[in-house]
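The values are calculated or read from the model by the stated rules, or taken from the named source; none is laboratory data. Here the structure is a predicted model, which means the values were calculated and not measured. Neighbour counts run over all protein chains shown; Cβ positions are idealised from the backbone, glycine included. We work out accessible area using only protein heavy atoms, side chains counted, and drop any ligands, DNA or RNA first. Shrake-Rupley method; radii C 1.70, N 1.55, O 1.52, S 1.80 Å.
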Amino acid sequence: MAQQENTKHNSSKRNKKHGTTPHGPTLRRTLRREAPSTVGLLVDKQDFAAMRRYRTFPFDDHTAYLHQVEGLLKALAAQGMHTTIALFDPEDYAEFCAESGLDADTGASRSRFTAEIASAGATVAYTGQRLTDVIPLLVSRAVRQATWEYATLLLADLGACADCGQDIGRAAFDRASHLLMRLLETAGPGAHHLVCSTPTENDQLLAVLHTHRDTTGPARLDTSEGAEFATVLAVAIALESPGGVVLRTSAPDSPDRVHGWRLAHGTLAPLTAGEVFNAYCTDAETGEPVSPESGVEYSAGFDIGADPAERHH
């Protein structure tokens, strides 16, 4: 027993001398669990095929790759680690490596790019959900972010008003925010689903916003979704393009109600019930009629009581 105690004492002295303790590995595991991880995901076969041109990319089958990624995510979650899934875009990766002077055919470069997109790109927190559920959400967030970035650039490029010197993009965003707040205030209680769409020279911009309002108090909305929605609406205002907004409201013990507006002279002009029905029950791509939903009322847009808009030339 004395020899055992002496051995423990000498071992402790050696550990202190070398700056370690018997608990070192345990502490490192604890720190590892508290260090967040990011997994870059190639969501479709086209992106996966683009990465196969790199010799150091170790996969040759997209289905097997997704299976391995899901296994990794589950293993990280089992260790109690917070993991974020980021959309890995091969074109953006190639540009990143070229601009940074990195060799694209290395795992270190892929890891560095993944860290970069985790801080600024579209991401989803992994909480144990199936990868097949994660992918559509990740793609949706990427589309939303790209739409917001494009709309923001459009507004920024408009410059100042020649007559009053006011920044046209900023004025349009302020106007759009005012219209959105008036719309939500006038819509009343319930769960609200809003869609704003407007054409541009290169694309059709689309923004979606989900809010909920109790019988008392203001509507609750996600800050980023609200900013994205207002930015797309601002593009329609600034460019005076034919934008439109559709509102669908759900409330307990009552059918869903759908209302619609067109953008005219910097404000939202209500559509008739027939115009709302036609807009909602027509396929946007083919123009063919779509059967109306059961239990949904297609109603005219209502007056949101917005102040008149200032005109810029």
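A few comments on the model shown:
- Convex hull volume per residue for the stretch 188-313, taking Cα atoms only, in Å³: 122 Å³
- Phi-based couplings in Hz for the stretch 234-241 (Karplus 6.51, -1.76, 1.60; Gly and Pro marked x): 5, 4, 4, 5, 5, 8, 6, 8
- Within the stretch 163-209: Cβ-based charge dipole about Cα centre, in debye rounded to nearest 20 (Lys, Arg +1; Asp, Glu -1): 200 debye
- Distant-in-sequence amide contacts of HIS82, defined by a placed amide H-H separation under 5 Å and a gap of 5 or more residues or a different chain, comprise SER37.
- Charged neighbours of ALA156, selected by a Cβ distance under 14 Å, balance to -2 (K, R count +1; D, E count -1).
- Each residue of the stretch 58-71 was assigned a 3J(HN,Hα) from its phi angle through the Karplus curve 6.51 cos²θ - 1.76 cosθ + 1.60 (θ = phi - 60°); the sequence is x, 10, 10, 9, 5, 4, 5, 4, 4, 4, 5, 4, 5, x Hz, with glycine and proline shown as x.
- For the stretch 122-279, the C-alpha radius of gyration sits at 1.11 times the compact-globule guess of 2.2 N^0.38 Å, with N the residue count.
- For the stretch 43-82, the normalised intensity computed at q = 0.25, 0.31, 0.34, 0.35 Å⁻¹ comes to -0.81, -0.98, -1.08, -1.12 (log10 of I(q)/I(0), Debye sum over alpha carbons, equal scatterers, no solvent).
- Whole-angstrom gap from the stretch 207-238 to the stretch 85-152, using each part's C-alpha centre: 25 Å
- Segment THR223-ASP92, extension gain: residue separation times 0.36 nm, minus the distance between their alpha carbons: 44.5 nm
- Where the Cα pairs of the stretch 214-279 fall when distances are cut into 10 Å bins, in %: 17, 39, 37, 7, 0
- In sequence order, calculated HN-Hα J values of the stretch 291-307 (Karplus, 6.51, -1.76, 1.60; Hz; x Gly/Pro): 4, x, 6, 6, x, 10, 9, 9, 10, 5, x, 10, 6, 8, x, 6, 5
- Per residue, the average separation of C-alpha pairs within less than 8 Å and at least 6 apart gives the stretch 181-313 a relative contact order of 21 percent.
- Equivalent-ellipsoid semi-axes for the stretch 76-214 (Cα gyration tensor, √(5λ), whole Å, largest first): 34, 25, 12.
- Taking 7 Å steps out from each Cα toward its Cβ at CYS281 and GLN68 produces label points 5.2 nm apart.
- For THR56 and THR215, the difference between the fully extended length at 0.36 nm per residue and the C-alpha to C-alpha distance is 51.4 nm.
- The stretch 141-270 - accessible surface per residue (Å², probe 1.4 Å): 48 Å²
- Surface share of carbon and sulfur [accessible, 1.4 angstrom probe, percent] for the stretch 216-308: 54 percent
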